[in-house]
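Peer 1: Quick one: this structure, given as structure tokens, is what I'll be asking you about.
Just so it is clear, none of the values below were taken in a lab; they were calculated from the coordinates. Remember, predicted model here, so these are calculated numbers, not experimental data. Glycine also receives a Cβ, built like all others from the backbone with ideal geometry; neighbour counts cover every protein chain displayed.
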Amino acid sequence: MADDASKTSNGADPVEAEFRRLEQRVEELVRLCGQLKEENRGLRARVEALTGERAQLLQRNEMARNRVESIVSRLRVMEHG
């Protein structure tokens, strides 16, 4: 009967109950870690795509700037010619 004193009112050992609670929490954290890894992977892919898009836009902007400067130069030559 000495064992009865260490059990909760529902008959479960409090140490076992705590162990199950911690086990569930660890499983929850493992799932969360997996979700965060997937989210991180997606975000890294998005950053890579946006970085590439930014590089293309900068290149297009530079090409447009060069064309405008060329047109302005030709207009100046025509104006003075």
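Peer 1: What are the ³J(HN,Hα) couplings of the stretch 47-61, residue after residue, when phi is run through the Karplus curve with 6.51, -1.76, 1.60 and θ = phi - 60°? Round to Hz, x for glycine and proline.
Peer 2: 4, 4, 5, 5, 5, x, 4, 4, 4, 5, 5, 5, 5, 5, 4
Peer 1: Here's another thing I want to ask about it. For Cα Rg over 2.2 N^0.38 Å, several values are listed as (i) 1.54; (ii) 1.82; (iii) 2.91; flag the one computed from this structure.
Peer 2: Computed from the coordinates, Cα Rg over 2.2 N^0.38 Å corresponds to (iii).
Peer 1: Let me have the 222 nm mean residue ellipticity of the chain computed from DSSP H runs of 4+ only, each contributing -39500 (n - 2.57), with the sum over all residues rounded to the nearest 500.
Peer 2: Counting only the DSSP helices, I get -31500 deg cm²/dmol.
Peer 1: So for the pair residue 57, residue 70, with labels modelled 7 Å out along Cα→Cβ, what separation do we get in nm?
Peer 2: Output for this residue pair reads 2.4 nm.
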